[in-house]
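Nothing in this text is a laboratory measurement; each read-out follows from the coordinates by a stated rule. Bear in mind the structure is a predicted one, so any value in this text is a computation, not a measurement. Neighbour counts are summed over all protein chains in view; Cβ atoms, including those assigned to glycine, are modelled from backbone coordinates with ideal geometry.
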Amino acid sequence: MFGPTEEPTTVLVVDDERPLVMDMLRRLARLGLQPVGMAYDGEEAVLEAARLRPNVVLMDIRMPGRLHGFQAGEAIEDTTDAAVVYLTAADDPAAIRRAKASAPFSYVLKPVEDEPLRAAIANAASCRALELRIRNRVAEINRLTSLFRRNLMDKQLAVEPCQHIADDLWGCHDRLTLIHRRMKTSPLQPLADHGSSNAALGDMR
């Protein structure tokens, strides 16, 4: 799963049932992932995600407290770099529809099996990393645009790097759109036929 220099994906587990949390922590470790913490309600999940900074938060949709799973997941993605993978029951079509509408990077149906779990976490971590890289490129374009406006007498130096980054950005946007489309139609399948999103990230360096 990991190259010789890659570190395992870090995962925060969020569920209000303690036995299920402990079982999930053991399962993640067995799959070669790195569980870094746990939370038992939505508010605690937001705090722990901010403190631990995991790559992925594995979030049960039905949570006690003021924040249900979707609300906590949205707060985490707004305030950290973590991707959220939702856990939902296969016999709860309303929750599945809400998971799709919330546009998470992936979701997993209960009862959870190892391979769909591993694939969903890998997809989520890769897609979130790609999204964050695109966000950084957008920030760089904005910085260069501001620089251009402040240095009208030096247009050529400002325009060329802006155009280079813009072209790169749109290419990455297309790849991200393709990954999202694939995940919406078949969210639990690995993205191997895309050459992996890690390869896409490599193209952006």
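Summary of values
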{"read-out": "Net charge over other residues, Cβ less than 12 angstrom from the Cβ of Val84 (K, R count +1; D, E count -1)", "value": "-4"}
{"read-out": "Cα-based shape type of the range 1-85, given that a ≥ b ≥ c are square roots of the gyration tensor eigenvalues and the cut on a/c is 1.5", "value": "oblate"}
{"read-out": "Exposure proxy order (Cβ contacts within 10 Å, fewest to most) of Tyr86, Tyr107, Tyr40", "value": "Tyr40, Tyr107, Tyr86"}
{"read-out": "Difference of contour (0.36 nm per residue) and Cα-Cα distance, Met22 to Arg51", "value": "8.4 nm"}
{"read-out": "Ranking of Arg143, Arg30 by count of other Cβ atoms within 10 Å, fewest first", "value": "Arg30, Arg143"}
{"read-out": "Stretchable slack from Ala94 to Gln34, in nm (0.36 nm times residue separation minus alpha-carbon distance)", "value": "18.5 nm"}
{"read-out": "Ranked list, fewest to most other Cβ atoms within 10 Å of each Cβ, for Leu67, Leu132", "value": "Leu132, Leu67"}
{"read-out": "Val84 long-range amide H proximity, modeled H, under 5 Å", "value": "Val57, Phe105"}
